[in-house]
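These notes concern the structure reproduced below.
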Amino acid sequence: MSNKSFDRRTLLKLAALGTGSLAAARAPSLFAEDPHVDPESGQAKALNYVHNAVDAKDHERYKEGSICANCALWQGGESQWGACGIFPGKQVAHDGWCTAWVAKQ
Ligand code: SF4
């Protein structure tokens with residue numbers, strides 16, 4: 001592997017340690033004013049993001065029961081919308097999902 005390339009797991013770790021940790025330092029209510037991710041945006045489409053995981057149930061990478069709220073990158077607590085290190089400055093839906101979903105450890 002080249003030193004300049006990152007695999008998906010490394011990317012997710014960097015996201016969690018970078019913007020994710022910044023978001024984690026803020027209470028969910030502090031980013032409640034951030035706009036919701038537009039599922040039609042280029043980044044959202046690239047990651048197959050949907051506001052409701054039910055809409056992704058036929059995706060080959062979808063795992064039963066996975067939603068943003070149980071993803072390691074979710075920063076929203078019990079809120080209906082919350083921050084995610086993959087979409088800095090935006091909020092994703094509690095029941096959303098994307099192909100970057102990663103189980104909490
Ligand atoms: S499933 Fe995707 S959009 Fe949702 S919290 Fe995880 S990485 Fe973010």
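The values are calculated or read from the model by the stated rules, or taken from the named source; none is laboratory data. All figures in this text were calculated on a predicted structure; none of them were measured in a lab. Don't worry about glycine lacking a Cβ; one is built from the backbone with ideal geometry, like all the others, and counts go over all protein chains shown.
Pairing residues of region 80-105 that are closer than 16 Å to GLY65 by Cβ and modelled with pLDDT of 95 or more with residues that are of a type in the set (Phe, Trp, Tyr) and buried (at least 24 other Cβ atoms within 10 Å of the Cβ), at Cβ distances under 6 Å and at least 6 apart in sequence or on separate chains, gives CYS98/TYR49.
Condition check ((1) surrounded by 13 or more Cβ atoms within 10 Å (Cβ to Cβ); (2) in contact with a helix residue (DSSP H, G or I) (Cβ under 6 Å, 6 or more places away or on another chain); (3) at pLDDT below 95) across all residues:
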| residue | (1), (2), (3) |
| --- | --- |
| LEU14 | yes, no, yes |
| THR19 | yes, no, yes |
| PRO28 | yes, no, yes |
| HIS36 | yes, no, no |
| LYS45 | no, no, no |
| TYR49 | yes, no, no |
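Pull up region 73-84, narrow it to residues that are part of a loop (DSSP other than H, G, I, E, B) and more than 7 Å from the ligand (Cβ to nearest atom), then point me to the one that is nearest to HIS51 (Cα to Cα). Among them, the one singled out is GLN80. The residue that is farthest from the ligand (Cβ to nearest atom), among those in region 48-72 that are among the small types (Gly, Ala, Ser) and part of a loop (DSSP other than H, G, I, E, B), is GLY65.
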